[in-house]
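One structure is given here, and the rest of the page talks about it.
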Amino acid sequence: MTEPEISPQDEAARAGWLYYVGGLTQDQVAAELGVSRQRAQRLVAKAMADGLVHVRLEHKISACLDLEVALTRRFALKLARVVPALPAGVDTARGTAPAAAQLLERYLAQPEPLIIAFGTGRSLSAMAAEVIRTPLAAHRIVSLISNIAPDGSASFYDVILRMADKLQLPHYPMLVPVITDTIAERALFNALRPVQAVMELAARADVTFVGIGQLNDEAPLFKDGFITRAQHAELQAAGAVGEIVGGIFDAEGRYIDTETTRLIGSFRIPAEREQPVIGIAAGLSKQAAIRAALRGRLINGLVTDESTARALLA
């Protein structure tokens, strides 16, 4: 891919993104863009004066547009959104959240009632914080996985309750722990009528938003206390590279079956689903998991950043 010509608005939009979303000072913006402090100051001012930045980016940077087209073609996606990369050390969820929220708001604005399904995790929690549009119809929102750990504690990244509180929509949480002690216990939970009702609703979702978790040493399932070190090692030994709402998959995007995966309670998203399944993920540590999810057609939409998009296309 050839590098596109950078327009004045592209440069101002990128400066505004780094300043308002990335939280950089004008000196840091100047260093990041390789310009003087005075020019950085003018670019940030232009981004605001031209209405390019409100909190969200209102101008599509041409490099990001090119990457969206390339991702859509390469992986046969229904949609792709690529946001400007933020500097190293800044949480990538801060970048993907506004774009993901804008996508969600398109569905909230539809006049016909929809079933909207959500995973959980940092990226989706950040998206929930960015949503500003009130729903036009009485949509229903459903969770694909719970946030309850084996010790009964809940994670900080419960998306369904945040969405329900913000949007005032009927909501259906997944009423099971993420992982149980035995297969018999898992079967007992799965047989409960409310759990079956939520699973059936999830299967009929008109659109689904999920995070993509990695299964390396930074695996959210392990770091957040849902699986033990031994279970984490078992999954890695079985070839696991990623997970989507508790569905563990290998480098080809195929779900794996192990003693641990049989204990995980969630709605497993089928491959090649016709309805939109939008993955929200970015960052070096997630690249293998994102690539596998794309290969296996576990997602057909992606919100990511420039650096991750370029790595996926390399």
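The values are calculated or read from the model by the stated rules, or taken from the named source; none is laboratory data. Computed from a predicted model, the values in this text were never measured in an experiment. Quick reminder, even Gly has a Cβ in these numbers, built from the backbone with ideal geometry, and neighbours come from all protein chains shown. In case anyone asks, the SASA skips ligands and DNA or RNA and just uses the protein heavy atoms, side chains included. Shrake-Rupley method; radii C 1.70, N 1.55, O 1.52, S 1.80 Å.
So the values come out like this:
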{"item": "Choice from 125, 153, 143 with maximal GNM fluctuation in the chain (Cα, 10 Å cutoff)", "result": "153"}
{"item": "Among 99, 281, 154: highest mean-square fluctuation, GNM of the chain, C-alpha pairs under 10 Å", "result": "154"}
{"item": "Integer Hz, Karplus 6.51/-1.76/1.60 couplings in order for the range 27-41, x for Gly and Pro", "result": "4, 5, 4, 4, 5, 5, 8, x, 10, 6, 4, 5, 5, 4, 4"}
{"item": "Accessible surface, per residue, of the range 184-314 when the full set of protein chains is kept, probe 1.4 Å, Å²", "result": "41"}
{"item": "Hz values of 3J(HN,Hα) by residue in the range 296-310 - Karplus curve (6.51, -1.76, 1.60), Gly and Pro given as x", "result": "x, 6, 6, 10, 10, x, 8, 10, 8, 10, 4, 4, 5, 4, 5"}
{"item": "Selected from 256, 146, 67, residue furthest toward positive end of dipole (the chain; charges at beta carbon)", "result": "67"}
{"item": "All Cα pairs of the range 260-314, percent lying beyond 17 Å", "result": "42"}
{"item": "Per-residue ³J(HN,Hα) for the range 265-275, Karplus 6.51 cos²θ - 1.76 cosθ + 1.60, θ = phi - 60°, Hz, x for Gly and Pro", "result": "x, 6, 7, 8, 6, x, 5, 6, 5, 6, 5"}
{"item": "Charge dipole (debye, nearest 20) of the range 151-238; +1 at Cβ of Lys and Arg, -1 at Cβ of Asp and Glu", "result": "240"}
{"item": "Farthest toward positive dipole pole in the range 175-313 [+1 Lys/Arg, -1 Asp/Glu at C-beta], among 178, 296, 308", "result": "296"}
{"item": "Centre separation in Å (Cα based) which lies between the range 71-132 and the range 182-255", "result": "21"}
{"item": "Net charge dipole size for the chain [Lys, Arg +1 and Asp, Glu -1 on Cβ; Debye, nearest 20]", "result": "440"}
{"item": "Fraction of accessible area attributable to carbon and sulfur, the range 222-314 (%, probe 1.4 Å)", "result": "48"}
{"item": "Chymotrypsin sites (Phe, Trp or Tyr not before Pro) restricted to the range 91-180 and DSSP loop, no more than 15 other C-beta within 10 Å", "result": "156"}
{"item": "In the chain, lysine pairs closer than 29 Å at Cα, eight or more apart or cross-chain", "result": "9"}
{"item": "Residues residue 73 and residue 161, FRET efficiency given R0 of 51 Å [Cβ-Cβ distance, rounded to 0.05]", "result": "0.85"}
{"item": "The range 50-146, dipole about Cα centre (Lys/Arg Cβ +1, Asp/Glu Cβ -1), debye to the nearest 20", "result": "260"}
{"item": "Modelled FRET efficiency - R0 22 Å, residue 187 with residue 151, Cβ distances, 0.05 increments", "result": "0.55"}
{"item": "Pairwise label distance in nanometres, residue 204 with residue 132, each label 7 Å out on the Cα-Cβ vector", "result": "3.4"}
{"item": "Percent accessible area from carbon and sulfur atoms, the range 18-129, protein chains only, probe 1.4 Å", "result": "51"}
{"item": "Prolate/oblate/rounded call for the range 118-188, Cα gyration tensor, a/c under 1.5 rounded", "result": "prolate"}
{"item": "Listed peptides 177-187, 232-242, 297-307 by packing density, highest first (mean Cβ within 10 Å)", "result": "297-307, 232-242, 177-187"}
